[in-house]
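> Could you have a look at this structure, given as structure tokens, before my questions?
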Amino acid sequence: MKKHKKVTIIVTLTMIFAIFSCGFSSCSDASARRDKEYSEEVKEQIADSIGYPDLANFFEYSQLKEIYELRDDPKLVCYWYTKCEYTGKWVYEGQCIGYGIPYSASITSPDKVHYNSSGAVVSQAEPNGIYTNGLSTSATWILMVDSEGNITPEYVEHTIRVSQKKIPAIKCEDWSLPSDY
């Protein structure tokens, strides 16, 4: 029993020393590293006992690839709508080019390179070369087409919907629809 108490005291003193000897940031780094190592061990155990999904068609990947390719068309005409909070119906705003760009998207990486003992952490761009910084925002840039065919960028901060086809008029506010809708 005495040996057990000595071990407990030594372990406790060692932990206290470790906490006071490292700064809060290095302790949190150590904690994050332990969490990562634990997660990786658990994922390895899951993979060993259950295995990985047996994917043969890669359908979701091909869908996303097709969406990227369709979005890459500079002549893609869409229609954009904003949501009316009072009625839940869509307000027709007009034509636009493409699907719009989330305000949080950027051409350059929003993250700094951070070096630590496990290497560098670097953001990776999407296949279209655009970075998403993980911010949650409903703001969107729209290339709006006016009645004369002029294209102007519009910044929209409201619930938005962009579609290649006009949505049914019944889902829209009557007053927002042009007579030739």
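The values are calculated or read from the model by the stated rules, or taken from the named source; none is laboratory data. On a predicted model such as this, the values are computed, not experimentally measured, just so you know. Cβ atoms come from the backbone with ideal geometry, glycine included; neighbour counts cover every protein chain shown.
> Given the criterion at pLDDT 75 or above and within 24 Å of P74 (Cα to Cα), identify the matching residue among V156, V162.
Being at pLDDT 75 or above and within 24 Å of P74 (Cα to Cα) holds for just one of V156, V162, which is V162.
> Considering only segment 59-72, I want to know if a residue exists there that is of a type in the set (V, I, T), surrounded by 10 or more Cβ atoms within 10 Å (Cβ to Cβ) and over 24 Å from the mean Cα position of the chain (by Cα).
no
> Right, here's the next one. Can you tell me how many residues within segment 42-75 are outside any helix (DSSP H, G or I) and free of Cβ contacts under 8 Å to residues at least 40 places away in the same chain?
12
> So how many residues does segment 139-162 have that are in contact (Cβ under 8 Å) with a residue 12 or more places away in the chain and in a strand (DSSP E or B)?
Summing the residues that are in contact (Cβ under 8 Å) with a residue 12 or more places away in the chain and in a strand (DSSP E or B) in segment 139-162 gives 14.
> Follow-up. Would you confirm whether any residue within segment 76-96 is modelled with pLDDT of 75 or more, in a loop (DSSP other than H, G, I, E, B) and hydrophobic (A, V, I, L, M, F, W, C)?
So far as segment 76-96 goes, yes, one or more of its residues are modelled with pLDDT of 75 or more, in a loop (DSSP other than H, G, I, E, B) and hydrophobic (A, V, I, L, M, F, W, C).
> Checking R33 against (1) in the same structural domain as Q164 (by TED's automatic domain parsing); (2) modelled with pLDDT of 80 or more: exactly one of these is not met. Which one?
Failed condition: (1).
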